[in-house]
1. Residues to consider are N84, N118, N74; find the one that is out of contact with any Leu (no Cβ under 9 Å at 6 or more places or on another chain) and surrounded by 15 or more Cβ atoms within 10 Å (Cβ to Cβ).
2. Does at least one position in the stretch 347-362 carry a residue that is touching a residue at least 40 places away in the same chain (Cβ under 8 Å), open to solvent by 30 Å² or more (accessible area, probe 1.4 Å) and within 27 Å of A531 (Cβ to Cβ)?
3. Here is a list: A443, A430. Which entry is among the small types (G, A, S), over 14 Å from R362 (Cβ atoms), out of contact with any Asp or Glu (no Cβ under 8 Å at 6 or more places or on another chain) and in a helix (DSSP H, G or I)?
4. Take the stretch 28-42 and flag every residue that is assigned to a helix (DSSP H, G or I), within 14 Å of G7 (Cβ to Cβ) and open to solvent by 10 Å² or more (accessible area, probe 1.4 Å).
5. When residues of the stretch 233-243 are filtered for being closer than 12 Å to H209 by Cα and open to solvent by 10 Å² or more (accessible area, probe 1.4 Å), how many remain?
6. Test Y57 against the criterion of being aromatic (F, W, Y) and not in a loop (DSSP other than H, G, I, E, B), and give yes or no.
7. Which is in contact with a Gly (Cβ under 8 Å, 6 or more places away or on another chain), closer than 19 Å to R379 by Cβ and either modelled with pLDDT of 95 or more or assigned to a helix (DSSP H, G or I) (or both), of A472, A494, A463?
8. Quick check on R299: is it open to solvent by 50 Å² or more (accessible area, probe 1.4 Å) and under 22 Å from the mean Cα position of the chain (by Cα)?
Amino acid sequence: MNFDFRGLEMNGTRMWERWAIIEALDFIEEHGMTALVLHETDGLQKILYPQAYFDPYAKWKSAPTRRGENAILNNRIYFEHVLNLADKRGIAVWLEIKQLGFPDEVLEMRPDLIKDGNVCPSEPFWAEFLETCVDELYRDFPKLAGLIVSAGSPEGRASRAQNKCGCDVCQKTPLTDWYHDIAMAMWKPSAKHGKPMAVRDFAYKPDDHEPLIAAMQRLPKGIIFCIKVTPHDFYPTFPHNSAIGRLRDRVQWLEYDTMGQFYGLAVAPCFIGEDLKRRMDNGRENGASGVIFRVEWERVNDWWALETINETNLIAAAAVTGGRPSDTVEICRLWLVSHGWPADGARWLAARLDETWPIISRALYIDGFMFADSSFFPRSIGRAWWTMETKHSLIAWDPSRADDLKLDPARIDMLLAEKEEAVKRVHAYAEMVHRGDQALPEALHKDLVAQADLFVTYVEGFAACARACLWARAKTEGVPGSDRELGDALTALAGYSERIRPIAEEALLPHQVAQVIDYHRIDDILREGRAIAAAR
């Protein structure tokens, strides 16, 4: 299948490093992609004052017009430099942002925007502000190809989706109107400068999802609808996003994560080629013509797919959407050759990578429910259940699963059997990696062995966390036998905490390893679990 638009999305701090931009542009060229997407939530305030409100030439009084003036000036030159680097190669650059976003000085200028301690997102000023900012953006950076805007996310500095402000203006403004007006404020200057714009479907719950789609139906047909392949976020166990295909009268793009925010964060290897094909097939069948592939996690430093084995997901993504062979062996061959290694080991490596998602899906998820905190151990027992039932709720998007988190001894045994299977599979995986293959270069084999050993430790941690979290909930619900089972689970978890502590304290590995195999989180679960165990 061929998609017209095939973007590589950088959304961590790598986008602010020139060498990484060049590496991303090299990948785009080599694999026939069409665009670079720079996803910077606070992108406008990082590269604009804006001058209509804050004079960059003003003489300082007690403070500069905008704090961090040197960073803004640096960012402006750097951003222009990136646009020129891409322009020389014929690669379009898009900026992706979340709204509302604004510098602190706006609130100093307009303190009336704060009501009862909250920033009001419905004040008419915001439409004026956004229109002014986008107009200035394209005047200052004419080589920027377009904007991708997320208005439905509660992750902006202010948003109706946050439900914080209860003022009369917010109460009188329907959510659909708010989404529509925010998008139109940015579309008007975009159209004025002849630039395309996409609006993202990024909503945490169906209650926010439907008003956003309704707003899109009212917006000009020239605005692209950009849709995650699964609702809310990139969970491979979730159903297809029902927004895909709803608005066939406009261009639709898909979004997909190749880094692994919800499947190991590339500390644990995970190849998701089959899911990728399934999601792209669904998108194509429902009229999608573009796709954006994420290679980092938002705001996170020093880690991205292109320096991990999860780069294979990005290679597969480019191949699938570019109409080229995308079987795992071919993807591994391309990955090996791109790193200067012989392709002879591709078949062995493909067999190993095809084993990874079945392990991850049984470790980080509980019967398809998002148990992990992204790819981390749960922060606490309460947070684990909040994650599954509220924040990353599968039931919200698939009501047929409503009873599947109800616990009794038989159900707990079934759920823990899933974790035992994950541990069994990861040990078998590590054993095969240790054996290796004669076609593998020694340096590569050494790296794969080290990662496989961490993979084992990682999966064992999730099995131990799940045991504690399930039996802790069972105890609070009075499930028979839960006192003894919870005590045993906490004893095992305490031993695991001591075993992994050196990963952080020795500091020999990238900090992301200590982040996903984090003894602090284990200790938080232990603390809460012991309190539950002691309760009568």
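The values are calculated or read from the model by the stated rules, or taken from the named source; none is laboratory data. As the structure is a prediction and not an experimental result, all values here were calculated from the model. Don't worry about glycine lacking a Cβ; one is built from the backbone with ideal geometry, like all the others, and counts go over all protein chains shown. Surface accessibility is based on the protein's heavy atoms, side chains included, excluding ligands, DNA and RNA. Shrake-Rupley method; radii C 1.70, N 1.55, O 1.52, S 1.80 Å.
1. Just one listed residue meets the conditions, N118.
2. Looking through the stretch 347-362, none of the residues is touching a residue at least 40 places away in the same chain (Cβ under 8 Å), open to solvent by 30 Å² or more (accessible area, probe 1.4 Å) and within 27 Å of A531 (Cβ to Cβ).
3. Matching residue, one of A443, A430: A443.
4. The answer is E29, and nothing else.
5. Number satisfying all stated conditions: 1.
6. Judged against the criteria, Y57 is not a match.
7. After ruling out the rest, the residue left standing is A472.
8. Against the criterion (open to solvent by 50 Å² or more (accessible area, probe 1.4 Å) and under 22 Å from the mean Cα position of the chain (by Cα)), R299 qualifies.
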